[in-house]
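Below is one structure, written out as C-alpha cells, with a few remarks after it.
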Amino acid sequence: VFHGRILARRLVGQETRYEVEVAARYRQRFPLVSREYLWVPGTCGCPELREGAEYLLMARRHVNHEHTLNRILLQPDGYARPWTPREARLVREAARHC
C-alpha cells in the first residue's frame, strides 16, 4: 500500500503502464523506490488513473515462473483510491494493527 502521484500513462498491448512517483509507503512486502512502474491489465476493470493525480494504491509484486518478469501489478483485488489526508490517516492506523 502506498501513496503515489501519476506522472505518465502508456498503453502497452493489453495493459496500461503508469509511471508513479512514490510519495509514502504504508505497508509493503517488497521494496519500493521513488519512481516505479505500475501495470494494470486491460481486464482489471479498475478506474483509469489520471496523470498528475494522487492515489492511495494497493498493488502486488508479480514475478513470473521463469523470473524474467518482475513488476508491480494492480490486480482486480487491489485498489486505487484518490489520495486524501483522511485516507492516509486511516491507512496508517490500519497498518499499525496489521
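The values are calculated or read from the model by the stated rules, or taken from the named source; none is laboratory data. Because the structure is predicted, anything quoted here is derived from the model rather than measured. Every residue, glycine among them, receives a Cβ derived from its backbone with ideal geometry; neighbour counts consider all protein chains shown. Note: accessible area is taken over every heavy atom of the protein model, side chains too, but ligands, DNA and RNA are not part of it. Shrake-Rupley method; radii C 1.70, N 1.55, O 1.52, S 1.80 Å.
Tabulated data
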| quantity | calculated |
| --- | --- |
| In region 64-89, residue nearest to His3 (Cα to Cα) [restricted to those that are aliphatic (A, V, I, L, M) and surrounded by 13 or more Cβ atoms within 10 Å (Cβ to Cβ)] | Ala88 |
| One residue from Arg81, Arg17 being modelled with pLDDT of 90 or more, of a type in the set (Lys, Arg) and in a strand (DSSP E or B) | Arg17 |
| Selection count, region 34-57, where residues are in contact (Cβ under 8 Å) with a residue 40 or more places away in the chain and open to solvent by less than 60 Å² (accessible area, probe 1.4 Å) | 6 |
| Of the criteria (1) outside any strand (DSSP E or B); (2) under 13 Å from the mean Cα position of the chain (by Cα); (3) among the charged types (D, E, K, R), which one Arg92 fails | (2) |
| Boolean, Glu66 is at pLDDT 90 or above and not in a strand (DSSP E or B) | no |
| Output for region 10-33, where each listed residue is open to solvent by 90 Å² or more (accessible area, probe 1.4 Å) and farther than 22 Å from Ala95 by Cα | Arg10, Leu11, Gln14 |
